[in-house]
């Protein structure tokens, strides 16, 4: 009796996990490799960052999810490279051989060459980044409570979100609700509702992937929450005390002690390593160019899916790096492999767009289902239903639903913890405004080029779920 083909899946995000689950019972010997032992539901990371949910509410252990699938082994390991000539995946501490390789390693935050900004403006792609943003948000109010200087206090109570795609809009709305509702009666020296939330975007409007009418409705909802958006601006520097941006009227400095990056993502570096090992092409975002059946040119046993793949849609443009695309691609590859086993032609991948959603705050969201455009409470209910539907695991769905219900009734966020050591404003006890360290007009970025505030904002979130692969 012949041995089943060895299938290696790199990545346990939306694409990799969807593929693994769809291969349940198939005659393959499957190994799923991830450097984490859990699946992360990234669309709700912003709720961890804002204290609405705990990390455990949006994660599921991969072994638990796949424990009933006897043809799959989960391995925790760090993939460092590929050797296609030997059908080998290279790990930091070993190797795995394959007959079929599926790479779904996801994406990471992208600062457009300005790597020094990451220390001052964390992105939102991992649990660690979410808890770090949560620490910075709630710690800012603590510093403001103790700060005797009015200008310093204002800087602590000013929050800047760079990028007005769905992630940026969601974070800005959540911070506003924290300031106006959650913490309103918790402090004695400050009025938290006086906090300023600024949303910076390089494009002419917020939520650029949405139709203009929905962007306008989102803008009005943000104004109702007390969020002020600045569109058509470009961030040219970020430091520990604020943001320098270029506007149509010239350069402007914003003094803010809390800056969050939601302006760009790029493919995981494993995609470039795979492409280099095969001589394959990548786009400027590091995504690997794939065939219509998601294989690499000249290598029918190598698939790239999810955020790592540059796959063309029906209009010829690359599909966005969002969860519905990744999930459909994962299931398609599983069908492809089964069809090959049965001697059938699998056909090409076609993405089915089921709609686009973005939430703004309590009772406020926008949604597009084909020609139907919705906003307000109905769109918000649709957003809630879709996200609950796609959270992995019944336990997590129940916990998230209970947390949302409690938060809606009480305006309270049960996970507003400041974890780790408290970070003093500075060793002497107070921060310095950057007027003491002026930035020269026209200061260049680390890469020599200004980065657009929303140049690579998170793509619009289709209704089947939202943000993609890892």
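Scanning region 184-207 for residues that are crowded, with 22+ Cβ neighbours inside 10 Å and in contact with a helix residue (DSSP H, G or I) (Cβ under 8 Å, 6 or more places away or on another chain) returns 195, 197, 199, 201, 206, 207. Among the residues of region 108-124, at least one is part of a strand (DSSP E or B) and either closer than 15 Å to residue 273 by Cβ or without any contact (Cβ under 8 Å) to a residue 60 or more places away in the chain (or both). Here residue 133 meets each of (1) crowded, with 18+ Cβ neighbours inside 10 Å; (2) assigned by TED's automatic domain parsing to the domain that holds residue 275 with one exception, condition (2).
Which one is nearest to the chain's Cα centre (by Cα), of the residues in region 53-67 that are outside any helix (DSSP H, G or I) and without any contact (Cβ under 8 Å) to a residue 40 or more places away in the chain?
Filtering first and then ranking leaves 61.
Please enumerate the residues belonging to region 130-178 that are closer than 28 Å to residue 265 by Cα, without any contact (Cβ under 8 Å) to a residue 60 or more places away in the chain and either over 21 Å from the mean Cα position of the chain (by Cα) or not in a helix (DSSP H, G or I) (or both). Once the filter is applied, which keeps residues that are closer than 28 Å to residue 265 by Cα, without any contact (Cβ under 8 Å) to a residue 60 or more places away in the chain and either over 21 Å from the mean Cα position of the chain (by Cα) or not in a helix (DSSP H, G or I) (or both), region 130-178 yields only 157.
Annotation note: Cβ proximity below 9 Å between a residue of region 235-247 that is under 17 Å from residue 202 (Cα atoms) and a residue that is in a strand (DSSP E or B) and modelled with pLDDT under 95 (sequence gap 6+ or interchain) occurs for 235/451; 235/452; 236/451.
This table checks each residue for (1) at pLDDT below 95; (2) surrounded by 22 or more Cβ atoms within 10 Å (Cβ to Cβ).
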site: 219; (1), (2): no, no
site: 230; (1), (2): no, no
site: 246; (1), (2): no, no
site: 261; (1), (2): no, yes
site: 267; (1), (2): yes, yes
site: 272; (1), (2): yes, no
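Taking the stated definitions as given, is residue 32 crowded, with 24+ Cβ neighbours inside 10 Å, in contact (Cβ under 8 Å) with a residue 24 or more places away in the chain, more than 28 Å from residue 3 (Cβ to Cβ) and under 23 Å from the mean Cα position of the chain (by Cα)?
No, not satisfied.
When you check residue 124 against the structure, is it under 25 Å from residue 305 (Cα atoms), touching a helix residue (DSSP H, G or I) at 6+ places or on another chain (Cβ under 9 Å) and assigned by TED's automatic domain parsing to the domain that holds residue 260, yes or no? Answer is yes for this residue.
Could you list, in sequence order, all residues of region 383-402 that are surrounded by fewer than 13 Cβ atoms within 10 Å (Cβ to Cβ) and under 19 Å from the mean Cα position of the chain (by Cα)? Correct list: 389 only. Kindly provide the set of residues from region 295-313 that are farther than 13 Å from residue 107 by Cα, assigned to a strand (DSSP E or B) and out of contact with any helix residue (DSSP H, G or I) (no Cβ under 8 Å at 6 or more places or on another chain), ordered by number. Of everything in region 295-313, those that are farther than 13 Å from residue 107 by Cα, assigned to a strand (DSSP E or B) and out of contact with any helix residue (DSSP H, G or I) (no Cβ under 8 Å at 6 or more places or on another chain) turn out to be 295, 300, 301, 312. Taken over region 184-202, the criterion of being within 22 Å of residue 363 (Cβ to Cβ), outside any helix (DSSP H, G or I) and at pLDDT 95 or above is satisfied by 195, 197, 199.
The values are calculated or read from the model by the stated rules, or taken from the named source; none is laboratory data. Keep in mind that what you see is a predicted model, and the values were worked out from it rather than measured. Counting neighbours? That spans all protein chains shown, and the Cβs are built from the backbone with ideal geometry, glycine included.
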